[in-house]
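First up is the structure itself, then whatever we jot down about it.
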Amino acid sequence: MRERITFVQRLGDALDPSVLQIAGGVISGPEIAAAREDRLTFATDEFPDELWLLLRGIHQLHIRWASADAYEAVSPFLSRLPPGFHAFLTPESKSYTESPKLCAILADIFGKLDCSTPAESFTSLPHDRFSHSTSLQYYHPLDDLSHFIRYAKEKLCPPADASCVTRVDSLAKASSLDISYDEISHALKVTATWPYQRQPVQVTSRPPFRTEVGILSADKPQTLEPHELGISGLLTVLGQDPEPKPTLFSFASRHRDAESAFSVKWMEPTGLHPTLQIRLDSNTLPKEADGAFCSPHAYLTLPRGVFADKYQLSDGLFLASKNLTALRYTSQPVDLEAPEYAMKRWGSAILVELTPPKETEGKEAWTAEIPLHLRYLSPAEGGYAGLKVPYPVVFWACAAEEGTKFPNNPFERANLGYDGLFGPRTVFWHVEPRPEGNSLMTTLNVPVLDLAKSQHVNVGTAIAVLLGFAWAAWKLFGVFATSGYGREEGSKAKTGKKPSEDKKKQ
Amino acid sequence: MAKRSTESRPSAEGRPSEKSTVSISASPSSSFLNSFFSTPTPLYLSAAALRIILLVYGLWQDANSPVKYTDIDYLVFTDAARFVSRGKSPYARETYRYTPLLAWLLLPTTWRTNPTSHVLDTALFSSGKVMFAVADLVAGWLIERVLITHSRMDAATARKYAAIWLLNPMVATISTRGSSEGLLGVLVMALLWAVLSRKITLAGLLLGFGVHFKIYPFIYAPSIVWWLDHHSTAGLAGKSLAGRMRGFVTPARLRLAVVSLATFIALNVVMFYLYGGPFLVHTYFHHVTRIDHRHNFSPYNIQLYLASAFPTQSGLRIESVAFLPQLLLSCVLIPLVMAKKDLPTAMLAQTFAFVAFNKVCTSQYFLWYMVFLPLYLPRSSFLRNKTLGMSALVLWVVSQGLWLQQGYELEFLGRSTFLPGLWLTSLGFFLVNCWILGIIISDVGAPSSKL
């Protein structure tokens, strides 16, 4: 196992190396305001058995979890995901997707996920477009990592290892957790990040494992190119370096900060066709993005209770009236009719290109509206059910210059769902979600059949239908009794086909 | 007796017409109205004008408003036609649940001019709506023919009644918005006309085609078969059951059965050969397995929502026996009692019962029975007794309105009106429909001497 722990402070908040103490594989220092990222890399032979079972038959598996607590991103941890549990999978064979194994193990690790098999519950990604994306996608609005924390403490921490338990517990406050496996590197990477906050610098190495600690801050050296991020600070390999080594480096980053914010709200009344309004506080990008062709996008992961109708989102006038340019992508398949409780697929992901107002002198706030449709949800007491819908990810996608290489970024993060929908040289300028409260998870109040009032439905319906039937049948009998089934002849009982009378005669 | 009836056939519904003519023209109708109906041109021109105005208005609204005049279904049909034009299956378009024939018929909507002419392209895209609108007019003309030839009505009066269909804004709106129900109207009316004119082979072709197109016209098979040769069971009273059976199987009935079945099967074999499983799944099986119970007028709707969410409920399941009252009425009892007396009214009652008792019921289905109204109304107690007629119309509209109001609150305001609102109003509308059905049935039995 290798471990890399990075504290990142804001631009200009450099730490004086003299306040750090390094001794016996421990680094400690004062409390600083920083974001933190822990990256653990495991070799295949270090996996617990259950993980082995999970990963056999898989080319690539990327699990991404993002917290619903709003946070301010710190460079270079700028990428974003809709809050909840995401999984991106490339299996070795089709048969793997028909087994419930993956879903069962994921549920064992992360808690109830509402997934049966990848074939039934996952959606396909357009893997033919760009080779770097995975083939199947899954999402669930998972609120927290409490189940994962319990699982990790029981199954992954060595017995009586208090520090392991403490570190796992700290995931309760993490803003994201990534677990990535790919068959080629034969390694499992676990990356957790914590939001910008005051925290002590305190890391203990775990021999024989290598632990590298970086205490960095964003930097803007003179030589910085517009497409690059700069970082400077101190790097220490615990148990190896007697003192921190100063460092300064820059790299091209796929994810950038648009230095603006957005919020969403459901337009009232929501009805059965809710519209998500996205309110952006700026129609411009930082000057570093100048010259590139950029357009704003929203990427939504919609749990199966709500969906977008791609046919509705194909009319130019309609799109323009909502400040939308086009629906660029929708996962397949999306059933346009089935009720929520009859579906096994997780839901759908859509990518919508937004239409910003024409560039003006200063910043201009603007809105875009995404019309969606609700499915029928299961009947419930009270007549309403809450449907959790995560905040979208909103970004300006810009084409980067030829020859830009993102993998040089030590903080590179890929397989986020939307990155695979763009070409490999796209830069995402992220707009920060800034909800009114603190939560990035919205709740739609969906009218459903009120179970408390449903006790007479079966009997009442049956009575009404029988009543209607009996009335019509009675009228038919009346006609039959007076004139039989035969042809009307102007007066009664003249024809030879009067069964009622014939029978009486017999 | 039998001989005389053969001669006078098919005048089953002939006699009352003169009376009703009197009752209608006795009203203080202006000379304008009389001259309007005295020749065909004014009626058909205004019916066409109504549709042209709606079509052009629809094009304007579609081009200028984000709220579209064109029905979603029309986009489904034309998308499917586009798939067909590229050599693909029409079922590549999600929610296309119709025969491929419809997509084929709409192939002109996929044609484009070269060099591009926007006006012509728009006209080409709208050609399907034009076809549906023309189908309306032809259905109206067939109504007029049936009234003149078989109800022995004078032409002006026949046109007056045909106007109920031809100038009906609901009918004109539905077809110009691009819904295919107008095609059903002309098919079914042509079927009736063919049967009444004893064009058996044509009737068989139309019946087989109609069932292939939209399934529900199968309900007309029993009434047509029963009506055909209705004198042939005469004199069979004393015969054995086997004898009666032999007597029942007449050449005409046999021909109708063979031709309609052959048409239906041939069309399905061809479509299955061309488009395989998806054709069967989307055109037929979907209607059996569908669970998309979005609110509609059906009395079963709320019950089906409840049942589909809890599929393991024990006991007798209403949804599995719901077809019994529907099919018993529309395919057995109504044909048996009514068909020989008055075939058009029997078909109206069948359709009315089929729609009212159906597990899914939307306002487009109302068109299915509206096409028969001009044939039934002349001798109906609704026109004879104005109070009854107005009450029925008001009740039908109001009970529908009450449901629509509940539906609006649910759909657009997000209020949970499933229970009791939507449920009770759907049952109310259903019971009003059943009451109206009862009157239609009684009218057929009522001896014309009552007039």
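The values are calculated or read from the model by the stated rules, or taken from the named source; none is laboratory data. These figures come from a predicted structure and were not determined experimentally. Here the Cβ is made from the backbone with ideal geometry for all residues, glycine too, and neighbour counts use every protein chain on show. For accessibility, only protein heavy atoms count, side chains too; no ligands or nucleic acids. Shrake-Rupley method; radii C 1.70, N 1.55, O 1.52, S 1.80 Å.
Would you mind giving the mean number of other chain beta-carbons within 10 Å of the Cβ of each residue in A:328-336, as a whole number?
1
Once both axes come from the Cα atoms, what is the angle between helix A:457-483 and the longest principal axis of chain A, in degrees from 0 to 90, rounded to 10?
Taking Cα atoms only, the helix is inclined about 20 degrees.
In the protein assembly as shown, carbon and sulfur make up what percent of the accessible area (probe 1.4 Å)?
In the protein assembly as shown, the share of accessible area belonging to carbon and sulfur is 62 percent.
Give the average, rounded to an integer, of partner chain Cβ atoms located within 10 angstrom of each Cβ in A:340-353.
The shielding value for this peptide is 1.
How about region B:60-77: which of its residues lose at least 40 Å² of accessible area in the presence of all protein chains relative to their chain isolated, using a 1.4 Å probe?
For region B:60-77, once contacts with the other chains are taken into account, B:P66, B:K68 lose 40 Å² or more.
Hey, what's region A:24-137 come to in accessible area per residue, 1.4 Å probe, Å²?
37
Over the Cα atoms of region A:256-453, how large are the radius of gyration and the largest Cα-Cα distance (Dmax), in Å?
18.2, 65
Kirkwood hydrodynamic radius for the protein assembly as shown: how many Å is it when counted over pairs of different Cα atoms?
32.8
Just to confirm, what accessible area per residue do you get for chain B at 1.4 Å probe, in whole Å²? Mind dumping the intermediate values first?
Details: 18470 Å² over 451 residues.
Here the per-residue accessible area is 41 Å².
What's the local net charge at A:F395, with K and R +1, D and E -1, over the other residues with C-beta under 12 Å away?
Charge balance in the 12 Å sphere: -1.
Let me know the shape class of chain B, please: from the alpha-carbon gyration tensor, a ≥ b ≥ c as square roots of the eigenvalues, rounded when a/c is under 1.5, otherwise prolate if a/b is greater than b/c, or oblate. Can you show the working numbers first?
Working: a/c = 1.31, a/b = 1.21, b/c = 1.08.
The shape class here is rounded.
Do any trypsin sites (Lys or Arg not before Pro) in region A:398-450 lie in a loop, going by DSSP, with at most 16 other beta-carbon atoms within 10 Å of their beta carbon, and if so which?
A:K405, A:R425
Give me the 1.4 Å probe accessible area per residue for region A:285-402, excluding ligands and nucleic acids, in Å².
Details: 4660 Å² over 118 residues.
Heavy-atom accessible area per residue stands at 40 Å².
Residues with beta-carbon under 12 Å from that of B:L184, excluding B:L184: net charge, scoring Lys, Arg +1 and Asp, Glu -1?
-1
Calculated from DSSP H runs of 4 or more alone, at -39500 (n - 2.57) each and per residue, what is the 222 nm mean residue ellipticity of chain B, nearest 500?
For chain B, the value works out to -20000 deg cm²/dmol.
Dipole magnitude of region A:2-252 about its Cα centre, charges +1 at Lys/Arg Cβ and -1 at Asp/Glu Cβ only, in debye to the nearest 20? All intermediate terms of the calculation are to be shown ahead of the outcome.
Working: 23 positive and 32 negative charges, 21 e Å.
So the dipole magnitude of region A:2-252 works out to roughly 100 debye.
Rank these by accessible area, largest first, 1.4 Å probe: A:K453, A:K358, A:K101.
Largest accessible area first, the residues go A:K358, A:K453, A:K101.
To the nearest 20 Debye, how big is the dipole of the protein assembly as shown about its Cα centre, given +1 on the beta carbon of each Lys and Arg and -1 on that of each Asp and Glu? Mind dumping the intermediate values first?
Numbers: 90 positive and 80 negative charges, 1337 e Å.
The dipole of the protein assembly as shown has a size of about 6420 debye.
Apply the a/c threshold of 1.5 to the C-alpha gyration tensor of region A:2-252 and tell me whether it is rounded, prolate or oblate.
Details: a/c = 1.98, a/b = 1.55, b/c = 1.28.
It is prolate, given that a/c is not under 1.5 and a/b is the larger ratio.
Of A:S253, A:G233, A:C115, which is farthest on the positive side of the dipole of chain A, counting Cα position, with +1 on Lys and Arg Cβ, -1 on Asp and Glu Cβ, and the Cα centre as origin?
A:C115
Could you tell me how many cubic angstrom of Cα convex hull volume chain A has per residue? Please list the in-between numbers first.
Numbers: hull volume 119.5 nm³, N = 506.
So the per-residue hull volume is 236 Å³.
Please average, across the residues of B:408-418, the number of beta carbons from any other chain that are within 10 Å of each residue's own beta carbon, and give a whole number.
6
Mean Kyte-Doolittle of at least -1.0 plus a Cα span of 27 Å or more along the axis: flag which DSSP H helices in chain B meet both, please.
Length and hydropathy pass: B:40-64, B:127-150, B:251-275, B:386-411, B:423-445.
Any chance you could give the angle, 0 to 90 degrees and rounded to 10, that helix A:101-110 forms with the longest Cα principal axis of chain A?
It is inclined by approximately 60 degrees.
Where in region A:418-448 does accessible area fall by at least 10 Å² between the isolated chain and the complete protein assembly, at a 1.4 Å probe radius?
SASA drop of 10 Å² or more in region A:418-448: A:P447, A:V448.
Rounded to the nearest 100 Å², what's the accessible area chains A and B bury against each other, both chains counted, probe 1.4 Å?
Approximately 6000 Å² gets buried when A meets B.
Are any of the pairs A:K322/A:K363; A:K265/A:K453; A:K155/A:K189; A:K189/A:K287; A:K101/B:K88; A:K153/A:K245 more than 26 Å apart by Cα-Cα distance, and if so, which?
A:K265/A:K453; A:K189/A:K287; A:K101/B:K88; A:K153/A:K245
Compute the signed sum of charges (Lys and Arg +1, Asp and Glu -1) over the other residues within less than 15 Å, Cβ to Cβ, of B:P169.
My count for the surroundings of B:P169 gives 0.
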